[in-house]
Amino acid sequence: MGKVSYPEKVMLFCSMIYNEKAPVDQAISMLVEKFGQSYMTTDTKAFNYPDYYCREMGSPLYRLIVVFSE
């Protein structure tokens, strides 16, 4: 029979893929309003693989990750 246990505490993160026209700062502000202060935001990196997203989102594409404290 299994034992009842509580889940471990984890950190919420959001990986954002966007094109140069996207309002990234506004999106991050909205996420902070919803999920609380960010613990870390990665540097923006070129996202050039795969080409799957380029048809819908255009190119070049970029990616960053926002990690939340709570």
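The values are calculated or read from the model by the stated rules, or taken from the named source; none is laboratory data. Predicted, not measured: the structure shown is a model, and the values here were computed from it. Ideal geometry is used to build each Cβ from the backbone, glycine not excepted, and the neighbour counts take in all protein chains shown. Accessible surface is based on the protein model in full, side chains and every heavy atom, while ligands, DNA and RNA are left aside. Shrake-Rupley method; radii C 1.70, N 1.55, O 1.52, S 1.80 Å.
Observations on the structure shown:
- With every protein chain in place, the chain: carbon and sulfur % of accessible area (1.4 Å): 55
- Accessible area expressed per residue, the chain, with surrounding protein chains retained (probe 1.4 Å, Å²): 87
- A straight Cα-to-Cα reach below 19 Å connects K21 with the aspartates and glutamates D43, D51, E56, residues fewer than 8 places away in its own chain not being considered.
- The Rg/Rh ratio of the chain, with both radii computed over alpha carbons and Rh defined as the Kirkwood radius, is 1.15.
- Nearest 10 degrees, 0 to 90: helix 24-35 Cα axis against the chain principal axis: 10
- Those lysines that a straight Cα-Cα span of less than 21 Å connects to K9, excepting residues fewer than 8 apart in one chain: K34
- Sorting the segments 40-47, 13-20 by their residues' average number of neighbouring beta-carbon atoms within 10 angstrom, most packed first, yields 13-20, 40-47.
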